[in-house]
Structures are given as C-alpha cells and as structure tokens.
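So the structure is just underneath, and the comments pick up after that.
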Amino acid sequence: MDYYFTPQADKLKPSAIREILKLSSAPDIIPFSAGNPSPEAFPTEIVEKITTDILKENPIGALQYSVTEGYMPLRDYLKKYMQEKYQTGTNDDDILITCGAQQVMSLSANALAGVGDTILCESPSFVGSLNALKLSGANLVGIPMEEDGMDISALEKAIKENKNIRLLYIIPNFQNPTGITTSLEKRQKIYDLAKKHGFLIVEDNPYGDLYFDEAPPATIKSMDKDGIVIYAGSFSKVLAPGLRVGWCIAPKNLIAKFTAIKQTQDVHSNILAQMIAYKFITEYDFESHLEKLRALYVKKAKLCFDLMDKHLAPEIEFQKAKGGLFAWCKLPENVDMPEFCTTAVKEYKTAIVPGSAFDIAPCKNQYFRINYSTPTDEQIIKGMANLEQLKLQILK
C-alpha cells in the first residue's frame, strides 16, 4: 500500500548520526560518532540506592500517572536553583518538566510556528533539534557561525529577507557540533534583535556546566525582561540521558500552552526518573558531581586535542572547544568528506559524523565531528592513529 505523509513528515529524513551509530554499534568500532556522556560519568551506585529508596518509600507515587507539569518538588527546586545560580527565570516565568531538552524545541515549534513561518537557527546545528523544528512546517533559515557565535551581520540580513520570523534557536555554550561559545556581547545583540523584531529565542543549554577553565557567559534567559526567551535545560549530560529528564523555563502563558500540547504527546515525563533526579540534586553534593565531570572531560579533551595536533594537523584543521563534548574538524578542499567518513568506519573501524548531518540546507561541507566523551582513552589513542592512516591514504 502507498502511504500518504504530510509534507512536513515527508521531508523528514532519518538522523545521519543515528544511521552512523548503527554502523558503530559493533564492539570493534571506535565510537567518535556518539554524543554520549562517558561511561565513567554515571553515578550508578547512587542512582541504584536512590531508586531502591523511592520504591520502598513511595512506590505508588513513582509508578502511577502524574501531572503533566512535572514532579512538584523537582519543579520548585529547579526554579530556585536556576534563579539563584544562573539568575535565570523570573516571577513571571514558570517551569515544565520535559522528556529531555529536545522536547522543548518540539513544543516551541508546535505552539509558535507553522507553514509560512520562519525559524532562524545557527548553521550548523544539532540535527535532533533541527528535525523537531522542521516538523512544524516552518522554513528553517541558517545563520553562519563565527568563532564567537552567530554572524550578527548575517542574522540582520536574514531578518530583513524573511517573513513571519517566529523563533531563533541557539545553543550558546559549547555548541553541538562546533564547540563554539557565543560571546556575552553577541548574546545581548541577539536578544536586542529579537526584542526589536518581535520573535522569540529558544536557548538550548545542555553543555553549560561542562566547561574546562571558566564558566561561560550569562544565559540569554538571564537578560530576559520582556518574556521573549524560552530556556531548555537537561540532566542528560550531567546525570544520565536515559532518564530523559529536561526542563523548560518560559513565561507562564507559554508554559500553559506547552503543557496542553505535551498532554497530547506523552501525558507526562517519566515520574520515577524525575524523582531520581530530584533526590540526586538535593540529597547528594551536586556541585561536587559537576566538578568531577569537568575534571573528567578536561582530561579526555586534552588527550584528544593533543593527539589531533600530532596525527591530524595541519592538513585537517580543528577547533579546540573550551567545554562540552565535541571537536569540529575541517578536511582539505580536495577531499571528499562523505567518502572520508564512510571509509573511516568501514575500513578503519573509526566512526565520525559527517558535517552535512548538521546542515540546515544541502551545501558543500568539508567538516566532520568528533566526540571525545564516549570512547575510552585507549580508543581515543587508537582512533587518532587510524584517522592519521586514513589522512595519509587520501593525501597521497
């Protein structure tokens, strides 16, 4: 039977990252393609104890239906935590617990954009969020990146050239895939442009706590005096992605609409997972846990960057991020990027992600992304040696 798909669904393609992950699932493949936290980062014993305590103390509450807005103790704590630590969120805002941060993008697009509207995005950007935004039917327009964030001149040009701009999507800290952090000056300019031209900002911040030397600039949401910023937070990179617990901070009337939409999608996020997250951040030393994560990723990033200097440079250029989980690499112009990535996984057992996976629209792309959090140190060492052999092969 021939099936009819909506125009939005018909344009949606399987994530290139997920397709490469299928190839990289074999035990002998070095997984530079993933975006997962390091296996060393998971506090498994603590989570085991917390889960046991919950199921002893409140099993029905953990297993029964719950309210869409989320577990009230977690919501109340996160409101206070975000206000005190990051000056993010005001008395005019509310908070919604979501199924990971990506659901915030889905809710925002479903509520605020549709066919004939425009969503502005960093280019390149995280493919999962791009697909969530595309499903709204809105036209996605990419804004090129500079070393300190979006090209503001290109952003101003896009604002002039496109109609019905509803949202601007941004990952300001250690962006996926480039690792770029948006400067404080550009954050303020982006906010001012959104205010002037009447569109909302969706600020996605899964990596902000994973800095190496110094914390990134203030959140854009902390500048929000006009109710135009939707903030997405997540426990995926700082606790466990399998919990699928994220949160959205936005003006109360937006949260009310998002809640109604969420009721049609999943009723509510996993309540047991919310309870686990709440107990972890309130009964254990969460700040000490974050410090341990930063120390772990500083070590893994340094190992990766040092080996890239040794094995890949200067022919393959790359940017040394100041936090997060990724390195963004550029191949010479005469190299076929898709072929390089395919050969890496098929012949050299080293999986990397082609940069085209992160494009807003098809274009020439010489980049690939490396993740250093998932592989072991031994795999990083071996994988970089493999990529050097591939580099030497293609540059003969």
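Quick one: would you say residue 145 is under 19 Å from residue 256 (Cα atoms), out of contact with any Leu (no Cβ under 8 Å at 6 or more places or on another chain), aliphatic (A, V, I, L, M) and open to solvent by 30 Å² or more (accessible area, probe 1.4 Å)?
When the stated conditions are applied, residue 145 does not pass them.
Report every pair of residues separated by at least 6 positions or lying on different chains whose Cβ atoms are under 7 Å apart, first residue within the range 1-29 and under 25 Å from residue 352 (Cα atoms) and at pLDDT 75 or above, second in a loop (DSSP other than H, G, I, E, B) and open to solvent by less than 90 Å² (accessible area, probe 1.4 Å).
Hits for this filter: 28/349; 29/349.
Here's a check for you: in the range 190-218, which residue that is open to solvent by less than 20 Å² (accessible area, probe 1.4 Å) and aromatic (Phe, Trp, Tyr) is nearest to the chain's Cα centre (by Cα)?
Within the range 190-218, the match that is nearest to the chain's Cα centre (by Cα) is 207.
Check residue 136 against each of (1) part of a helix (DSSP H, G or I); (2) among the polar types (S, T, N, Q); (3) at pLDDT below 95 and name the one condition it does not meet.
Answer for residue 136: the failing condition is (1).
Among the residues of the range 211-263, which ones are among the hydrophobic types (A, V, I, L, M, F, W, C) and in a loop (DSSP other than H, G, I, E, B)?
212, 215, 218, 220, 228, 235, 238, 239, 240, 245, listed by residue number.
Which residue out of 361, 357 is touching a helix residue (DSSP H, G or I) at 6+ places or on another chain (Cβ under 6 Å) and modelled with pLDDT under 95?
357
Could you please let me know if residue 40 is more than 21 Å from the chain's Cα centre (by Cα) and either part of a helix (DSSP H, G or I) or touching a residue at least 12 places away in the same chain (Cβ under 8 Å) (or both)?
Criteria not met by residue 40.
What residue, of 279, 257, 221, 225, is within 17 Å of residue 88 (Cα to Cα) and over 20 Å from the mean Cα position of the chain (by Cα)?
Testing whether each residue is within 17 Å of residue 88 (Cα to Cα) and over 20 Å from the mean Cα position of the chain (by Cα) leaves just 225.
Count, please, the residues in the range 155-210 that happen to be in a helix (DSSP H, G or I), farther than 27 Å from residue 368 by Cβ and not polar (S, T, N, Q).
Result for the range 155-210: 17.
For (1) polar (S, T, N, Q); (2) more than 24 Å from residue 357 (Cα to Cα); (3) crowded, with 24+ Cβ neighbours inside 10 Å, each residue gets a yes or a no:
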position: 135; (1), (2), (3): no, no, no
position: 171; (1), (2), (3): no, no, yes
position: 228; (1), (2), (3): no, yes, no
position: 243; (1), (2), (3): no, yes, no
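Taking residue 321 as the residue in question, decide whether it is in a loop (DSSP other than H, G, I, E, B), modelled with pLDDT under 95 and not polar (S, T, N, Q).
yes
Return the residues of the range 107-121 that are surrounded by 23 or more Cβ atoms within 10 Å (Cβ to Cβ) and either out of contact with any Phe, Trp or Tyr (no Cβ under 6 Å at 6 or more places or on another chain) or free of Cβ contacts under 8 Å to residues at least 12 places away in the same chain (or both); say none if nothing qualifies.
Once the filter is applied, which keeps residues that are surrounded by 23 or more Cβ atoms within 10 Å (Cβ to Cβ) and either out of contact with any Phe, Trp or Tyr (no Cβ under 6 Å at 6 or more places or on another chain) or free of Cβ contacts under 8 Å to residues at least 12 places away in the same chain (or both), the range 107-121 yields 108, 109, 113, 119, 120.
Among the numbered criteria (1) buried (at least 24 other Cβ atoms within 10 Å of the Cβ); (2) more than 28 Å from residue 364 (Cβ to Cβ); (3) polar (S, T, N, Q), which single criterion is violated by residue 91?
Failing condition for residue 91: (1).
Please specify each residue of the range 324-366 satisfying the condition of being farther than 20 Å from residue 142 by Cβ, free of Cβ contacts under 8 Å to residues at least 24 places away in the same chain and either in a helix (DSSP H, G or I) or open to solvent by less than 30 Å² (accessible area, probe 1.4 Å) (or both).
339, 342
The values are calculated or read from the model by the stated rules, or taken from the named source; none is laboratory data. What you see is a predicted model; the values in this text were computed from it and never measured. When we count neighbours, we look across all protein chains shown, and the Cβ atoms used for this are built from the backbone with ideal geometry, even at glycine. Heavy atoms of the whole protein, side chains included, go into the accessibility calculation; ligands, DNA and RNA do not. Shrake-Rupley method; radii C 1.70, N 1.55, O 1.52, S 1.80 Å.
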